[in-house]
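The values are calculated or read from the model by the stated rules, or taken from the named source; none is laboratory data. In this text, all values refer to a predicted model and were calculated from it rather than measured experimentally. Heads up, the Cβs are rebuilt from the backbone with ideal geometry, glycines too, and the neighbour counts pull from every protein chain shown. Just so you know, the surface numbers come from the protein's heavy atoms only, side chains and all, with ligands and any DNA or RNA stripped out. Shrake-Rupley method; radii C 1.70, N 1.55, O 1.52, S 1.80 Å.
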Amino acid sequence: MSGQRKATSFDIAHLAGVSQPTVSRALRGSPTVSPATRQRIEAIAKQLNYTVDRAASNLRSGTTRTIALLLFRDPSPDDTLINPFFLAMLGSIMSACAEQGYDLLVSFQQLSSDWHTDYEDSHRADGLILLGYGDYAHYHQRLVTLVGHGTHFVRWGSVQPGQPGLTLGCDNVAGGLAAARHLLEQGRRRIAFLGDATDHYPEFHDRHAGYAQALAEAGLAPDPRLQVASISTEDDGTRAAIELLARGLPFDGIVAASDLIALAAMRVLAEAGLSVPHDIAVVGFDDIPAASFANPPLTTVVQDAAAAGRRLVELLLARIRGEAAASMILPTRLVVRASSVTRKDRA
């Protein structure tokens with residue numbers, strides 16, 4: 001065939017001794033083709049310099065073989081801030097899509113835009129992955145709209161009964177519980193909580209619930225005067241920490257609903273002449289890269305961003321294929337660093 005015409009999937013089928021549909025399934029990574037047959041077909045395709053015409057294949061199947069990742073900006077003065085935790089997921093999401101033969105379209109969005117009608121309905125993607133914290137009460141109705149349109153989507157967030165669509169999230173209650181228990185084990189008794197612990201931010205609400213459970217186990221009641229609402233930005237974390245200090249109440253520990261809030265609080269405490277962890281022990285949530293490089297390094301609750309990214313893709317593809325899929329909660333773990341443990345405690 002060399003020098004005469006371009007090889008086709010029928011040529012590969014003839015040489016491999018299989019049907020043309022089997023060649024098509026093998027080259028798009030379908031699990032219905034055995035590994036041995038797939039390897040034989042891929043070897044012949046390579047020998048013939050055969051490449052899949054993605055556009056033609058997608059046109060025949062009525063699919064795009066593309067997933068849209070909508071990454072929502074956290075509120076900030078210039079609307080450009082992206083939570084580093086979500087950026088940490090990108091690599092695993094891209095890798096998982098590539099392994100399944102899907103392209104990934106990454107789009108940065110504002111929650112106020114019409115993102116809920118822009119992608120699958122316009123045949124730009126087969127499904128959506130939604131990342132980013134925001135006011136859940138604000139975008140809940142848009143999720144309902146997506147379900148009503150039959151849109152395939154999965155979001156990262158707090159998993160609650162009766163939510164629209166598929167949600168993947170971490171065990172926020174267990175994470176908040178571990179964070180507060182750790183501070184209690186260090187002898188801290190006046191523990192503040194920084195984060196918007198309302199239904200508008202259900203992840204933070206759950207983390208506060210775990211914090212409150214730990215205090216109750218120790219025979220303590222949360223002091224509402226030691227809780228300051230904050231969203232997950234350094235600017236708002238700074239404001240919340242300044243407000244906490246201005247209230248003039250004694251406290252010896254902080255559970256922050258995110259690392260961005262915790263890092264901002266540590267800076268405010270240092271500027272006020274307070275030592276972390278000697279005067280105030282601090283625990284965050286997320287384990288963003290900056291956490292381990294802080295001074296002192298930040299104790300935090302780890303969400304496995306790599307595992308979360310891969311699982312998001314798996315859930316979405318199951319929904320796209322019409323397979324059974326359910327919302328899921330991933331475990332968390334506490335990583336103890338110097339922001340919560342004094343040298344004496346570590347001895």
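Annotations for the structure displayed:
- Accessible surface of the chain [probe 1.4 Å, protein heavy atoms]: carbon and sulfur percent: 53 percent
- Candidates Leu312, Phe251, Tyr136 compared by Cα position along the dipole of the chain: farthest toward the positive end lies Leu312, with charges placed on Cβ.
- Helix 35-47 vs. the chain, principal-axis angle (Cα, 0 to 90°, nearest 10): 70 degrees
- Here region 246-347 is assigned +1 on the Cβ of each Lys and Arg and -1 on the Cβ of each Asp and Glu. Its dipole about the Cα centre then comes out at about 140 debye.
- Among the trypsin sites (Lys or Arg not before Pro) within region 243-327, those in coil by DSSP and having at most 16 neighbouring Cβ atoms inside 10 Å are Arg247, Arg321.
- Given charges at beta-carbon only (K, R positive; D, E negative), |dipole| of the chain in Debye: 1240 debye
- Residue order for His152, His14 - accessible surface, 1.4 angstrom probe, largest first: His14, His152
- Entry comment: accessible area of the chain is 46 Å² per residue, from protein heavy atoms only and a probe of 1.4 Å.
- Counting all C-alpha pairs of region 125-169, share separated by more than 18 Å (%): 17 percent
- Angle between the chain longest axis and helix 234-246 axis [Cα atoms, degrees, rounded to 10]: 20 degrees
- Descending semi-axes in Å of the chain, equivalent ellipsoid built from Cα gyration tensor: 48, 21, 17
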